[in-house]
Amino acid sequence: MPALILLSPHPLAGRTTVTAGLGHRMASEGKTVELTRLGDDDHAEADTAFFATFTIPSQASAQAEVTLIEAPSGDPASALGGHPDARAIVVAAASTPAPELADYCRPLADRLAGVVINKTPSKRLGAVRSAGEAAGLNVLAVLPEDRLLAAPVLRDVVQALSAQAEHLDNGGLRPLDRPVIATISADPGQGYFARYDASAVIVRSDKPDLQLAALNAGANCLIVTGALPLLSYVLERAEEDQVPLLRTGMDTLSAVQGIEDAFGSLPFAGGDAKIDRVRALLAEVDLASLTS
């Protein structure tokens with residue numbers, strides 16, 4: 001049973017994201033896959049929980065053809081020592097200089113299958129690949145910075161804003177990649193929201209006209225700031241359309257700051273939209289070379 005260990009020199013490089021994307025790609029090509037997480041670092045619990053609920057078609061751990069193992073960032077010695085037959089994939093952010101990445105990879109020797117360079121500014125994709133290859137690395141993929149992958153999901157936003165959530169149901173993994181702040185005046189509100197195809201509208205609790213305009217424009221989520229009660233017709237409309245409603249006591253500026261701080265700083269939470277995106281970004285990876 002081939003095993004691949006995903007390593008990183010630094011945290012938040014995208015190991016879980018790449019693990020999930022590779023797992024789905026392998027499963028789509030007919031392989032059974034098992035995902036596991038090692039260590040007890042800050043994100044281990046969240047990653048383990050994600051993998052435990054992560055359903056890959058035809059997955060059967062006892063008979064898995066491929067095992068993907070995510071190790072903690074930093075020194076890979078203990079992870080590799082515990083899996084002497086596994087090959088390694090190193091995931092690093094583009095901010096890691098190529099010589100530093102090459103130094104990290106050098107002790108892996110012939111166990112290194114290759115590197116995935118993540119969070120790369122779109123204008124530097126070619127230059128980053130060239131720098132990695134010039135440093136002697138087998139670059140499997142160079143992934144661009146991606147707003148969807150960096151965005152927090154709604155359940156993370158609920159926690160970040162200490163919000164009360166209604167109608168969230170199965171929408172907790174919906175990414176908040178296009179939040180829009182409500183306008184000051186009501187007149188252009190509906191057209192404004194529709195033009196930006198908002199994944200969520202952030203609106204004050206004393207602006208029922210804008211709350212309704214956002215719902216009329218098809219907003220996928222309403223984040224209401226301030227402590228004032230909402231009018232009944234807004235609550236009824238949100239319930240009728242089953243639009244997630246997040247109410248926080250924070251003011252609008254603090255709520256926006258809380259959402260901004262969550263971008264790119266949280267463990268990968270999954271969700272269909274994010275899984276589909278990372279699968280597409282990893283399409284260039286030659287899976288046969290990893291599992292043969």
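Looking only at residues in the stretch 220-237 that are open to solvent by less than 80 Å² (accessible area, probe 1.4 Å) and of a type outside the set (A, V, I, L, M, F, W, C), which one is farthest from the chain's Cα centre (by Cα)?
My answer is Ser232.
Scan the stretch 49-69 and give yes if some residue there is in a loop (DSSP other than H, G, I, E, B), over 20 Å from Ala280 (Cα atoms) and at pLDDT 90 or above, otherwise no.
No.
Any chance you could count how many residues in the stretch 71-85 are more than 19 Å from Asp41 (Cβ to Cβ) and either free of Cβ contacts under 8 Å to residues at least 12 places away in the same chain or buried (at least 20 other Cβ atoms within 10 Å of the Cβ) (or both)? Quick ask: steps written out before the conclusion?
Start the filter on the stretch 71-85 by keeping residues that are more than 19 Å from Asp41 (Cβ to Cβ), which leaves 84-85.
Still in the list and also either free of Cβ contacts under 8 Å to residues at least 12 places away in the same chain or buried (at least 20 other Cβ atoms within 10 Å of the Cβ) (or both): 84.
Total meeting the criteria: 1.
Scanning for something assigned to a helix (DSSP H, G or I), over 14 Å from the mean Cα position of the chain (by Cα) and charged (D, E, K, R), does the stretch 240-255 turn up at least one residue?
Within the stretch 240-255, one or more residues are assigned to a helix (DSSP H, G or I), over 14 Å from the mean Cα position of the chain (by Cα) and charged (D, E, K, R).
Can you tell me which residue in the stretch 164-192 is most open to solvent (accessible area, probe 1.4 Å), limited to those that are within 26 Å of Leu266 (Cβ to Cβ) and assigned to a helix (DSSP H, G or I)?
Asn170
Using beta carbons and a limit of 8 Å, which pairs, at least six apart or on different chains, have the first residue in the stretch 5-28 and free of Cβ contacts under 8 Å to residues at least 12 places away in the same chain and the second one open to solvent by 10 Å² or more (accessible area, probe 1.4 Å) and outside any loop (DSSP other than H, G, I, E, B)?
none
I'm checking my understanding of the structure. Among residues of the stretch 238-292 that are in contact with a Leu (Cβ under 9 Å, 6 or more places away or on another chain) and polar (S, T, N, Q), which one is surrounded by the most Cβ atoms within 10 Å (Cβ to Cβ)?
Thr248
The values are calculated or read from the model by the stated rules, or taken from the named source; none is laboratory data. What you are looking at is a predicted structure, and each value in this text was computed from that prediction instead of being measured. Reconstructed Cβ throughout: ideal geometry from the backbone, glycine too, with neighbour counts over all protein chains shown. Just the protein is used for accessible areas: all its heavy atoms, side chains included, with ligands, DNA and RNA removed. Shrake-Rupley method; radii C 1.70, N 1.55, O 1.52, S 1.80 Å.
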